[in-house]
Number of protein chains: 2
Amino acid sequence: MDDSPRYRPLYRQVYDFLVKQIAEGDWRPGEMLPSEQALAAKLRVSQGTVRKALDTLATDKLIERRQGKGTYVVEQTQELSLFRFFRLASPGGQRAIPTSAAEIVKRRVAKPADIQQLHLDPGAPILEIRRTRLIEGRPVCWERIVIPLKMFPNLDRHHPMPNALYALYQREYGVNIASADEELSADLARGEDVRRIGVSAGAPILQISRIAVALNGSRAEWRVSRCDTRTFIYSVQLS
Amino acid sequence: MDDSPRYRPLYRQVYDFLVKQIAEGDWRPGEMLPSEQALAAKLRVSQGTVRKALDTLATDKLIERRQGKGTYVVEQTQELSLFRFFRLASPGGQRAIPTSAAEIVKRRVAKPADIQQLHLDPGAPILEIRRTRLIEGRPVCWERIVIPLKMFPNLDRHHPMPNALYALYQREYGVNIASADEELSADLARGEDVRRIGVSAGAPILQISRIAVALNGSRAEWRVSRCDTRTFIYSVQLS
DNA sequence: GAGTGGTCTAGACCACGCA
DNA sequence: GCGTGGTCTAGACCACTCT
């Protein structure tokens with residue numbers, strides 16, 4: 001975490017510059033960046049240095065390189081962001097795309113737990129969303145999403161909320177979700193689990209608590225999902 | 001998965017050569033590789049090409065580069081492999097190192113489930129290990145590990161089994177575990193859960209089913225862990 | 001100071017997508 | 001055929017480690 005910049009390689013400076021351009025919306029999602037040559041000339045560095053910076057951006061999934069065509073800012077499409085962060089799949093690996101239902105949106109003031117999870121100031125206004133998620137029409141989990149309104153003013157003018165929130169964060173607020181820390185535990189079904197996903201009380205429930213972290217390191221969202229894993233399981237590859 | 005080699009970049013060939021050297025034990029874990037210059041001269045390619053191959057090996061965590069010293073084959077030490085694949089932590093992020101107890105080892109013939117998970121031939125001999133895992137002396141989960149004996153002959157001459165099996169796979173059989181696919185689900189505690197980790201029947205249990213994949217892509221181990229997540233949760237970072 | 005990996009450059013040529 | 005990213009080379013210099 002120290003990142004002490006006692007010595008800052010050129011390609012790192014180029015990287016930072018490019019991130020800034022994207023984060024500030026100078027190049028919009030889906031747009032093509034200038035060519036390596038053009039960037040090198042503009043920044044007065046060699047093409048190889050630009051290339052190294054672009055390669056890093058590509059592994060960070062911020063841009064996409066297409067040989068023969070150009071370099072593009074990655075668009076947080078529904079499929080992309082869902083496949084990246086929605087980890088439920090049928091056993092064996094087939095991933096599934098969820099839909100949403102029974103959505104409740106309300107504004108309130110951050111409680112201690114919200115403050116701790118999102119590193120907010122006491123009294124900060126937040127948005128809380130509750131919704132059920134379905135795969136192939138059947139409810140498999142429900143989630144409570146807490147979002148700081150300071151980072152996303154008037155987010156609740158959308159109703160219902162789009163299925164893929166991260167695309168919205170990027171498109172309308174310029175907030176790119178770069179990574180997510182998830183904590184999983186097992187629990188027993190109770191009240192809202194029973195009502196929303198139709199399991200019986202005392203059934204096993206997989207709980208996922210996720211902090212979504214934006215490119216600049218700030219915490220953009222806290223999401224707790226409670227899932228029925230009888231037919232869809234949580235799938236992850238460690239490497 | 002196709003990897004069709006209709007055109008094979010030089011650095012890729014160098015990469016494959018280096019992997020082969022390591023996999024065949026020509027360079028042992030902990031040893032230093034020849035310098036970039038030496039490798040370039042030996043393989044008749046430029047230093048830049050060797051460098052690109054070495055960089056890829058480093059991101060694959062097969063080697064470690066230390067500026068001013070040299071390039072070393074990564075040693076699958078206990079800490080390393082446990083921190084990489086053992087995902088239980090206290091809420092908030094503090095990772096913990098487990099110990100083992102109550103181990104049972106037996107040889108048997110692969111059942112249909114083993115055959116499916118490990119892609120074995122019918123009738124293949126396997127080793128099954130059951131053991132309880134403790135953090136800070138308290139049992140938090142137990143696991144059943146299935147290992148093909150063809151890949152690890154006479155693995156059961158060790159007793160008890162070392163705490164970090166992957167270090168053993170690497171040291172004695174030259175098998176490097178490169179990645180792991182995990183499937184998580186929630187379940188209710190029953191028989192062996194109650195006996196081994198002291199939860200009451202019907203308590204929530206987090207089940208983790210893991211396939212460990214070796215460098216060459218073959219499936220080296222199937223492990224099912226059943227965990228009590230009241231004090232330690234499963235923690236993962238998606239990016 | 002010698003040897004290692006890390007950065008940076010300049011230039012050539014290859015593979016690909018498209019008009 | 002042109003423009004793009006992808007590969008490969010050769011060489012210079014920098015930063016780090018150890019003797």
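Evaluate segment A:163-172: report whether one residue or more is assigned to a strand (DSSP E or B) and under 24 Å from B:E183 (Cβ atoms). No, segment A:163-172 has no match at all. Could you tell me whether B:D55 is assigned by TED's automatic domain parsing to the domain that holds B:P29 and either within 16 Å of DNA strand C (Cβ to nearest atom) or in contact with a strand residue (DSSP E or B) (Cβ under 9 Å, 6 or more places away or on another chain) (or both)? Criteria met by B:D55. Residues considered: B:Y11, B:Y7. Of these, the only one that is at pLDDT below 95 and either within 11 Å of DNA strand C (Cβ to nearest atom) or surrounded by 16 or more Cβ atoms within 10 Å (Cβ to Cβ) (or both) is B:Y7. Of all residues in segment B:58-76, those that are away from DNA strand C (no atom under 11 Å from the Cβ) and surrounded by fewer than 15 Cβ atoms within 10 Å (Cβ to Cβ) total 1.
Put simply, of B:S185, B:S225 the only residue that is assigned to a strand (DSSP E or B), at the interface with chain A (Cβ under 8 Å from one of its Cβ atoms), of a type in the set (S, T, Y) and surrounded by 19 or more Cβ atoms within 10 Å (Cβ to Cβ) is B:S185. Filtered by the rule that a residue be within 10 Å of DNA strand D (Cβ to nearest atom) and not polar (S, T, N, Q), segment B:42-57 gives B:L43, B:R44, B:V45, B:G48, B:V50, B:R51, B:K52, B:A53. Spot the failing condition for A:Q207; the list is (1) within 17 Å of the chain's Cα centre (by Cα); (2) part of a strand (DSSP E or B), and only one is missed. Result: A:Q207 fails condition (1) only. Scanning segment A:32-69 for residues that are in contact with a helix residue (DSSP H, G or I) (Cβ under 9 Å, 6 or more places away or on another chain), without any contact (Cβ under 8 Å) to a residue 24 or more places away in the chain and of a type in the set (S, T, N, Q) yields A:Q37, A:S46, A:Q47, A:T59.
The values are calculated or read from the model by the stated rules, or taken from the named source; none is laboratory data. The shown structure was predicted, so the numbers you read here are calculated from the model rather than taken from an experiment. A quick note on method: Cβ atoms are made from the backbone with ideal geometry, for glycine too, and the neighbour counts reach across all protein chains shown.
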